[in-house]
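Okay, so here's the structure we're looking at.
We did not get these values from a lab; they are worked out from the coordinates using the rules stated. On a predicted model such as this, the values are computed, not experimentally measured, just so you know. Here the Cβ is made from the backbone with ideal geometry for all residues, glycine too, and neighbour counts use every protein chain on show.
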């Protein structure tokens with residue numbers, strides 16, 4: 001079985017949740033004897049074909065149909081929210097001899113892939129990694145900000161190619177990350193097959209922290225508050241500065257690719273204004289297999305994920321697996337596998353008082369959270385999840 005995983009971007013240097021999911025699924029499928037390929041634009045990378053661990057990754061030229069399109073706006077769309085054309089990607093899909101189109105993107109890449117699949121009688125399924133029905137309006141407005149005051153000519157091409165439809169309405173199957181998303185999709189598309197399909201993790205033993213703190217100038221006597229995620233307004237890391245202001249014995253470490261530089265600038269500005277800049281460290285992205293990521297988890301006092309919107313929350317699951325006490329906002333897919341007081345402490349979205357209260361109660365329930373977290377993480381194994389996905393493929397092919 002030859003599978004085309006269609007993704008908007010896939011860069012090992014700009015890692016995120018979608019890349020993690022696609023890569024782990026592809027590796028498991030390779031181990032099953034299937035032939036997965038990853039097809040994407042060259043956003044944040046270069047147009048080329050490479051083979052990594054036996055898996056072919058094809059990156060194609062692309063463009064955004066807006067004028068003017070300065071480089072800074074193009075990069076902003078590459079990082080988040082872009083809706084590109086990639087004609088050569090579609091040409092490869094047509095001639096690639098694929099049995100399944102597994103679409104991990106929205107917009108034009110999804111529309112053109114779905115239209116082509118119908119012509120070729122190829123089954124299609126869509127994984128809605130970023131959410132489809134549950135994205136807050138404010139986040140959507142910020143994501144589309146680079147398109148303001150630009151002339152769009154993409155609609156003309158869409159009409160000519162007859163791809164001006166909502167992709168979720170045309171896929172054979174929708175895979176949603178949360179129960180909330182499943183419910184909303186079923187309401188929006190009555191009769192459409194929608195399944196809850198969570199993400200997974202691979203268990204990794206944590207190494208000794210070694211000289212990690214010394215390398216990044218993090219004092220040994222400070223409690224390390226850790227957040228590993230994209231540095232982005234969606235993730236709401238700025239709220240964590242409130243803990244630095246209140247507790248002098250803390251140090252905040254943010255690790256992740258920067259998808260909104262202006263937001264990181266705001267974090268630094270607020271930290272300096274509040275006098276806590278010396279207790280803030282930012283590492284703008286480490287490779288997903290980096291030993292330093294594991295060392296950061298090893299030395300952390302707690303892991304905090306304060307997202308405003310979270311379709312699933314792989315980072316939270318990885319913290320549970322690493323036996324790091326977790327504090328998280330009660331939003332989106334996080335509510336499906338986290339239970340307040342059992343495997344995490346949860347607080348209302350963007351509520352500083354509740355965040356502080358959760359942090360204050362952490363010592364009392366730390367051991368319970370660790371044991372509950374281990375039990376939860378063990379239920380989300382990539383091998384089992386990928387096996388279920390292969391069963392779904394076979395069912396669609398029949």
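Structural remarks
- Residue 249 versus residue 371: modelled label distance in nm, points set 7 Å from Cα along the beta carbon direction: 2.5 nm
- Tail fraction, Cα-Cα pairs, region 180-243, threshold 18 Å, whole percent: 68 percent
- Cα-Cα pairs of region 335-398 separated by more than 17 Å (percent): 57 percent
- Taking 263, 216 and counting other C-beta atoms within 10 Å, the order from fewest to most: 216, 263
- 0 to 90° range, to nearest 10: angle between helix 261-274 axis and the chain longest Cα axis: 10 degrees
- Cβ-derived FRET efficiency at R0 56 Å, residue 162 paired with residue 215, nearest 0.05: 0.50
- Full-extension gain in nm, residue 204 to residue 391, via 0.36 nm per residue minus C-alpha separation: 64.7 nm
- Simple spin-label estimate for residue 52 and residue 270 in nanometres, 7 Å along Cα-Cβ: 3.2 nm
- Note on region 1-150: Kirkwood hydrodynamic radius from all Cα pairs is 15.9 Å, rounded to one decimal.
- Based on Cα contacts under 8 Å between residues 6+ apart, the chain shows a relative contact order of 14 percent.
- Linear extension gain, residue 340 paired with residue 1, 0.36 nm per residue minus alpha-carbon span: 117.8 nm
- Per-residue [θ]222 nm for the chain (sum of -39500 (n - 2.57) over DSSP H runs n ≥ 4, rounded to 500): -12000 deg cm²/dmol
- Measure of compaction for region 212-377 (Cα Rg per 2.2 N^0.38 Å): 0.94
- Taking only the alpha carbons of region 267-329, we obtain Rg and Dmax values of 13.4, 36 Å in that order.
- Normalised radius of gyration (Cα atoms, divided by 2.2 N^0.38 Å) for region 37-101: 1.23.
- Over region 212-377, relative contact order from alpha-carbon pairs under 8 Å, at least 6 apart, %: 21 percent
- Inter-label distance for residue 148 and residue 351, nm, one decimal - labels placed 7 Å from Cα along Cα-to-Cβ: 3.2 nm
- Angle in degrees between helix 382-397 and the longest Cα principal axis of the chain, rounded to the nearest 10: 20 degrees
- Remark: the chain projects, on average over all directions, an area of 19.4 nm² (convex hull of Cα atoms).
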